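For reference, the structure discussed in these notes is given below.
The values are calculated or read from the model by the stated rules, or taken from the named source; none is laboratory data. What you see is a predicted model; the values in this text were computed from it and never measured. Reconstructed Cβ throughout: ideal geometry from the backbone, glycine too, with neighbour counts over all protein chains shown. The area values use the complete protein model at the heavy-atom level, side chains included, leaving out ligands, DNA and RNA. Shrake-Rupley method; radii C 1.70, N 1.55, O 1.52, S 1.80 Å.
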Amino acid sequence: MKKNADKKTIMKKIILLLLVVALGVTAVMTCPEKKAHRKAILLMVNSYVDSKIDDSMGKKGIAGAIAKGLKATKKVLGAPAASVYVNKNLQVDNYYLFSLGKLTTGDEPQVVSIGAFGYVLTPSNWMLTYALDKSAEEAELEKLLKREEKLRLKNKKKMIKDSIRTIKKMSKEELEMYEAEQAKKMIE
């Protein structure tokens, strides 16, 4: 009885091992290459741009007219421009079981697609909108921080210039008193 139970356990382990090996071999054989990532990313970009244009199409007046013009222009210029950009900046890292598509948009490449078992997954329109809006917010915040730092430096320079002007206007006796006060402050 115990021998049969051991044989069943061994058979289950062998079957499980064969399934894992078969799954691994299938994953390696069907791992998407750069061409599949490129195609999926271009579909994602076109879908995103179309959705943004369609959002504006319902608007009246100039916004609607611009949206119609953009839709026509996109057909002529948008797809080729996106294709050139993706071709130039797409990097696909193959990890045998899966692959990652990365676009270089600044200093570092960002993961924009994941491929496995012959399929490539890309972000949906709402994810892309969120990421782009978040990037815009971060860029605006960085811009504001730089502006604040510039103002702070400008004010500091102004204060120094004012102090120098004041010191130059002081008489010799007032200057000696001022230096004595400064020395006293440093000691304390």
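Compute the signed sum of charges (Lys and Arg +1, Asp and Glu -1) over the other residues within less than 10 Å, Cβ to Cβ, of N94.
Values: positive: K34; negative: E33, D93.
Here the count lands on -1.
On a full-extension model of 0.36 nm per residue, what is the gain between M177 and K146, subtracting their alpha-carbon distance, rounded to one decimal in nm?
Working: separation 31, 0.36 × 31 = 11.16 nm, distance 3.90 nm.
Fully extending the segment from M177 to K146 adds 7.3 nm.
Using amide H atoms built in the peptide plane, which far-off residues or other-chain residues are under 5 Å from S113 H to H?
Sorted by chain and number, the residues that satisfy this are G101.
So between K88 and S163, what do we pick up on full extension, going 0.36 nm a residue minus the alpha carbon distance?
Numbers: separation 75, 0.36 × 75 = 27.00 nm, distance 5.51 nm.
Additional length available on full extension: 21.5 nm.
So how exposed is K185, as accessible area in Å² (1.4 Å probe, rounded to 10)?
130
Place a point 7 Å from Cα of V28 in the direction of its Cβ. Which residues in segment 90-117 have their backbone N less than 13 Å from it?
95-98
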